[in-house]
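K.L.:
There's a structure below that I have some questions on.
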Amino acid sequence: MSLLQRFNQLRYQKPLGIRLLAAILLCSSAITLIATGTQLWLDYRYELSAIDERLQQIEASSLNSLSNSLWEISPDQIQVQLDGLYQLPDIRYLEISSQYGDFYAAGSRPEKGPIVERHYDLQHKAGNNTVYEVGKLTLIISLDEVYRRLGDKVLVILASQGIKTFLVSIFILTIFHRLITQHLGTMAQYARRLKLDHLDRPLILKRNGKARDDELSQVVDAMNGMRESMLKDMSKRAEAEHALEKLNAELEQRVTDRTQQLEERNQELHDTLEKLQATQQQLVESKKLAALGGLVAGVAHEINTPIGIGFTAASFLADQATLHKQQHPDDPLADTAVESSQLICQNLERAAQLISAFKQVSVDQSSEQQRQFDLIQYLDEILLSLRPRLKRCNPEVIINGPDQLLLDSYPGSFYQIFTNLILNSLLHGFENQPGGKITITLIPQTDSLRIDYADNGVGIPDGWQYKLFEPFMTTKRNQGCSGLGMHITFNLVSQLLNGHICCVPDESGAHFQIDLPLEVKDSTGSVS
């Protein structure tokens, strides 16, 4: 096992000891670095002060002798003095330039590195106290040796302090491990292995007798006490669960019996409710149709006769007014009589048409003969009969479906349904303008037939998807529409054919969807 793997294993097994060791090493290293830095700074200050003292000695002892040697023009003596000064520690270069152009040097000028450079004026004092400038001394001291000595001290200090810190940390970690960490690890291992079905083994730490009353002993006693309390609670819980299981079994049996009884009763109630709703719907529709039939019969009997008499009287009045106008062309009353009688005749004819259309709402469609026919061929016949009405708009009529679709139903109802839809498209969708497209899609299914009728006209106004099936609802009443066509269609689909019709929202025009069962009951109630 490598050192890195060993360290990772210790980090996961004893993380507290590793963190303690890291904290000790970090704090000790920080203190060592601060102490080393302080000591180096003091040594550096000491080295600089030693250099300053050396320079002061040179100023005090050597400047005068160098000045006298220059005054006496003794090159050998000057060079000997410079070589003597060059032997002093840390001095790397000296040079003297005289007033007469003479030049003397010792050592070599450093090209790089930290240096201390000083310049001194050399003066000679004559007997009459006259001072003469004889030259200039340049002295260069290198700090490389100072830094090298400080670097050597840094390495020695850091090495000694690091070894000492590491040894102290290991010693502290060992003591901490023997006193605390190993026992914490034992308690953690015991806690990880502790399960509800293994509570019979108590927690025991391997310690000498002198350390029995410290914090670790209190934690061990608390964990063992908790283990014993859990054993007692589990025993009570097992007894309670056994009693609860017995009670639950009895309750489940009761609930099962009651549920079965309730399901049987609910099914009976559901079946009864469905029968009642179907019966109620049939009664409501029957009452509505009966009331509407009675109303129409009364209207036809009560209104048709007075309308016929009124129309006869208005026609006779128109004829007499016309004759009177021919005899008396200047009589203004004759013109008024002719116009009024004609207006009365036109409105009475309109009323007779409305009564005739209203009769169709309540006609007993079950009296229509039921027979077998091909719906595809029958649609072609319907379009052929509507050709005079289609000439004005001349729309494109597309029929999508199988080549043959045999039905045993009421063809007259289909004729009236498709006639109302196509005429509504001509009048409302295309507004009697040329162009337009009508698509009739027949989709036979397993037990039903779906008819999709769509045009690309102006569409159904918002909010009219449901109102258009109500009687007398129309948007073109001023153009002679009675508003009964879609209501008749709805009654035929829902009452006679037992189907469903709805208006599908579509932005590209009107769209109706009709679902019809394939098995239609005839007038006797049998399935055809």
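K.L.:
Mark the label point 7 Å from the Cα of residue 121 along Cα→Cβ and return the residues of segment 85-114 whose backbone N is within less than 16 Å of it.
P.N.:
In segment 85-114, the label zone of residue 121 (backbone N under 16 Å from the point 7 Å along Cα→Cβ) covers 97-100.
K.L.:
Let me ask something additional. So, counting K/R as plus one and D/E as minus one, what does the shell of residues with Cβ under 13 Å around residue 374 add up to?
P.N.:
Summing Lys and Arg as +1 and Asp and Glu as -1 gives -3.
K.L.:
Rounded, prolate or oblate: which one fits segment 384-495, using the alpha carbon gyration tensor with axes a ≥ b ≥ c (rounded when a/c is under 1.5, else prolate when a/b beats b/c, else oblate)?
P.N.:
The shape class here is oblate.
K.L.:
Given H placed 1.01 Å from N in the peptide plane, which residues other than close sequence neighbours of residue 520 have an amide H under 5 Å from its amide H?
P.N.:
Here 528 satisfy the definition.
K.L.:
Here's something else I'd like to know. Let me test this: with uniform point scatterers at the alpha carbons of segment 78-117, what is the Debye-based log₁₀ I(q)/I(0) at q = 0.15, 0.24, 0.25 1/Å?
P.N.:
-0.38, -0.83, -0.88
K.L.:
Could you list which residues have their amide H under 5 Å from that of residue 397, counting only those 5 or more apart in sequence or on another chain, with H placed in the peptide plane?
P.N.:
Those lying under 5 Å, H to H, from residue 397 are 438.
K.L.:
Which far-off residues, 5 or more places away or on another chain, put their amide H under 5 Å from the one on residue 143, with H placed in the peptide plane?
P.N.:
Amide H neighbours of residue 143, under 5 Å, 5+ apart: 115, 116.
K.L.:
Across segment 115-132, in residue order, what do the Karplus-derived ³J(HN,Hα) couplings come to in whole Hz, using 6.51 cos²θ - 1.76 cosθ + 1.60 with θ = phi - 60° and x for Gly and Pro?
P.N.:
9, 10, 10, 10, 10, 10, 8, 9, 10, 10, 9, 7, x, 8, 6, 8, 9, 10
K.L.:
Also: Which length gain, in nm to one decimal place, applies between residue 266 and residue 247 when the Cα-Cα distance is subtracted from 0.36 nm times their residue separation?
P.N.:
4.1 nm
K.L.:
Here's a follow-up. From the phi of every residue in segment 409-423, what ³J(HN,Hα) in whole Hz does the Karplus formula 6.51 cos²θ - 1.76 cosθ + 1.60 yield, where θ is phi - 60° and glycine or proline is x?
P.N.:
Result, rounded to whole Hz: 8, 10, x, x, 5, 5, 4, 5, 5, 5, 5, 4, 5, 5, 5.
K.L.:
To the nearest Å, what is the center-to-center distance of segment 321-337 and segment 18-83, using C-alpha atoms only?
P.N.:
Their Cα centres are 149 Å away from one another.
K.L.:
Let me ask something additional. So if we plug the beta-carbon distance of residue 170 and residue 234 into 1/(1 + (r/R0)^6) with R0 = 41 Å, what FRET efficiency do we get, rounded to 0.05?
P.N.:
0.35
K.L.:
Further question: What are the aspartates and glutamates whose alpha-carbon lies under 20 Å from the alpha-carbon of residue 437, with same-chain residues fewer than 8 places away excluded?
P.N.:
380, 381, 396, 452, 455, 506, 507
K.L.:
Further question on the same structure: May I ask you to evaluate 6.51 cos²θ - 1.76 cosθ + 1.60, the Karplus curve with θ = phi - 60°, for each residue of segment 166-182 and list the ³J(HN,Hα) values in order in whole Hz, giving x for glycine and proline?
P.N.:
Per-residue couplings from phi come out as 5, 5, 5, 5, 4, 5, 5, 5, 5, 5, 5, 5, 5, 8, 10, 4, 5 Hz.
K.L.:
Further, regarding this structure: Taking 7 Å along the Cα-to-C-beta vector as the label spot, tell me the residue 506-residue 274 distance in nanometres, rounded to one decimal.
P.N.:
Calculated label separation equals 3.3 nm.
Read the figures in this text as sums done on the coordinates, not as results from a lab. Note that the structure is predicted; figures quoted are calculated from it, not measured. Note: ideal-geometry Cβ built from the backbone for every residue, glycine included; neighbour counts use all protein chains shown.
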